[in-house]
Amino acid sequence: MLHTEADTLRLGANLAPALGRGTKIYLRGDLGAGKTTLVRGLLRALGHEGPVKSPTYTLVELYELSRLHLHHFDFYRLSHWEEWDDAGFREIFGSDSICLVEWPENAGPSLPPPDLLMHLEHAPSGRLVTMNTPTAAGLSLLQQPSIAATLKR
């Protein structure tokens, strides 16, 4: 349970040190559920000091952070999954770049599987977050002690 915005920022920050090249994290949840806030916490922990907003209209924002290239996607405005193919994003997902994706369901079957799938939803006392992983890289993220500590608050 994430009771406050600070908890959501902390969860993002706690994910940051465990990220490796090519990690894919998909963020699902309604508008205002905290997806971009989580990304902001992660980017701040990696040293980004500028603004972090959801790339709803541009579809992707690139952050070059010392050793990492991180792409923050927002597919909210995709009306058909073929738009993802047409945009040429496939090559980014096949690279060493870290990909954080809001609204992955709008990219359809062309989107490669995530290392970590996070679902954030509104709850009476904050945000409820669930995490699933089909990969060893995702399991490594979930096993970080700081992740469990953040969720137990």
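State yes or no: is L46 more than 20 Å from N132 (Cβ to Cβ) and either open to solvent by less than 60 Å² (accessible area, probe 1.4 Å) or not β-branched (V, I, T) (or both)? I'd like the intermediate steps shown before the answer.
Details: more than 20 Å from N132 (Cβ to Cβ): yes; either open to solvent by less than 60 Å² (accessible area, probe 1.4 Å) or not β-branched (V, I, T) (or both): yes.
Spelling it out, L46 is indeed more than 20 Å from N132 (Cβ to Cβ) and either open to solvent by less than 60 Å² (accessible area, probe 1.4 Å) or not β-branched (V, I, T) (or both).
Total residues in region 56-103 satisfying the condition of being open to solvent by 20 Å² or more (accessible area, probe 1.4 Å), over 16 Å from L38 (Cβ atoms) and part of a strand (DSSP E or B): the figure is 4. Selection of region 9-55 for residues being within 12 Å of the chain's Cα centre (by Cα), of a type in the set (S, T, N, Q) and not in a loop (DSSP other than H, G, I, E, B) yields T36, T37. Hey, could you check region 117-137 for residues that are without any contact (Cβ under 8 Å) to a residue 40 or more places away in the chain and in contact with a strand residue (DSSP E or B) (Cβ under 9 Å, 6 or more places away or on another chain) and say which is farthest from L19 (Cα to Cα)? Looking at residues that are without any contact (Cβ under 8 Å) to a residue 40 or more places away in the chain and in contact with a strand residue (DSSP E or B) (Cβ under 9 Å, 6 or more places away or on another chain), I get T130.
For region 104-149, the tally of residues that are surrounded by 18 or more Cβ atoms within 10 Å (Cβ to Cβ) and under 20 Å from W81 (Cβ atoms) stands at 6. With the structure loaded, tell me whether Y76 is of a type outside the set (G, A, S), at negative phi, touching a Leu at 6+ places or on another chain (Cβ under 9 Å) and without any contact (Cβ under 8 Å) to a residue 24 or more places away in the chain or whether it fails that test. Taking the combined requirement at face value, the residue does not satisfy it.
The values are calculated or read from the model by the stated rules, or taken from the named source; none is laboratory data. Values in this document were obtained by computation on a predicted structure and should not be read as measured data. Note: ideal-geometry Cβ built from the backbone for every residue, glycine included; neighbour counts use all protein chains shown. Only protein heavy atoms, including side chains, enter the accessible area calculation; ligands, DNA and RNA are left aside. Shrake-Rupley method; radii C 1.70, N 1.55, O 1.52, S 1.80 Å.
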